[in-house]
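As structure tokens, the structure follows; a few thoughts come after it.
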Amino acid sequence: MQPIIYGIRFSKVGKLYHFDASHVADLKIGDFVVVDTVRGRQLGEVVQHIENPPAPAEGTWKPVERRATPGDLLLRQTWIQKQTEAMINCRERATELHLPGVKIVGAEYSFDGARLTLMFSSETEDKVDLKSLRKDMQKLYPQSQVEMRQIGPRDVAKMLGGMGACGLETRCCSKFLTEFSPISIKMAKEQGISLTPTEITGMCGRLRCCLVYEYEQYVAARKELPKRNKRVVTPRGEGKVVDVIPMSDSVLVLLDNDERHFPLTFTRDELQPWDELETLRRKSESPCEHPEGGGCKCGKAKKEKSGK
């Protein structure tokens, strides 16, 4: 039987996970389902039908257990309301234990309350020993299996939300980003962005996620456009490229015959490489060194023989 794969999300702006819903009839986008995950049984929303799914990493697709009932949705909402209380209690106990550099960021119950995950961040890269804290929380919540999970600064910013460094009312990570892409200083350099920390650093203290948005377009455009200080020929005359504007597929050129010394904008279609035209010009002006035996195709040898 051909598997019917759906993308299921467990939070509003969360990563998409693939599950096999072959044995669940008439499943639609927007339906809620119960599935078994590595974090226990979870309730998620069906958001996409996967036409050509990639091969599963574990060798087989995990199945959708069943469609969620109104009782499941009510139960999930009940446990969500208790998450804040669990987080506050964990913070208080962490303070009592004097755990340096540890910040309790949030708490998450599975939809049936069988598992309680307490998420924390650390100021150091070293592994943090929270066995005592987990043990104390397990005593406080004996009805659930308590787990401690460390998350990175980007995930912390995503969970807390708030205004972005650029001024957007909601940070990109909290608004629509479902996964974090690798980001490097090279991306900022390629786009001509100032490397001042305040210009390229987000509220999480890491490079801004938006640096990756237009990076590929900049790389592709720069391959087609002449580089800075390159000489070019334009409809207004020859000049030197002083700046490149990849997103508009154009460059700024300072013309040799412009007394104002003010650069003009030209699109890629309006430009010709100066070095190629200069090579052709030199060839046309140089004398032909045709062999004595003939074979020259430039026409000069024929003129010499005819005396013209």
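In region 19-44, the residue that is modelled with the highest pLDDT out of those that are outside any loop (DSSP other than H, G, I, E, B) and surrounded by fewer than 18 Cβ atoms within 10 Å (Cβ to Cβ) is F32.
Within region 5-25, the set of residues being touching a His at 6+ places or on another chain (Cβ under 8 Å) and not hydroxyl-bearing (S, T, Y) comprises I5, G7, I8.
Of all residue pairs spaced 6 or more apart or on separate chains, those with beta-carbon atoms under 7 Å, a first member in region 153-170 that is without any contact (Cβ under 8 Å) to a residue 24 or more places away in the chain and a second member that is assigned to a loop (DSSP other than H, G, I, E, B) and among the aliphatic types (A, V, I, L, M) are E169/M163. In region 51-123, counting only strands (runs of 3 or more DSSP E) that sit wholly within it, the ones holding 2 or more residues that are surrounded by 12 or more Cβ atoms within 10 Å (Cβ to Cβ) and small (G, A, S) span 102-109, 115-122.
Among the numbered conditions (1) farther than 18 Å from R149 by Cβ; (2) touching a residue at least 12 places away in the same chain (Cβ under 8 Å), the only one that N52 does not meet is (2).
Within region 136-176, restricting attention to residues that are in contact with a strand residue (DSSP E or B) (Cβ under 9 Å, 6 or more places away or on another chain) and under 25 Å from T196 (Cβ atoms), the residue that is surrounded by the most Cβ atoms within 10 Å (Cβ to Cβ) is V156.
Once region 171-220 is narrowed to residues that are touching a residue at least 60 places away in the same chain (Cβ under 8 Å) and among the hydroxyl-bearing types (S, T, Y), the residue that is nearest to E123 (Cα to Cα) is S174.
On the given criteria, is M203 modelled with pLDDT under 90, out of contact with any strand residue (DSSP E or B) (no Cβ under 7 Å at 6 or more places or on another chain) and not in a helix (DSSP H, G or I)? Considered against the rule, which asks whether it is modelled with pLDDT under 90, out of contact with any strand residue (DSSP E or B) (no Cβ under 7 Å at 6 or more places or on another chain) and not in a helix (DSSP H, G or I), M203 comes out as yes. The single residue among R206, R228 that is exposed (fewer than 13 other Cβ atoms within 10 Å of the Cβ), outside the structural domain of T117 (by TED's automatic domain parsing) and charged (D, E, K, R) turns out to be R228.
The values are calculated or read from the model by the stated rules, or taken from the named source; none is laboratory data. From a predicted model like this one, the values you see are computed outputs, not experimental measurements. All Cβ positions, glycine included, derive from the backbone under ideal geometry; neighbour counts span all protein chains shown.
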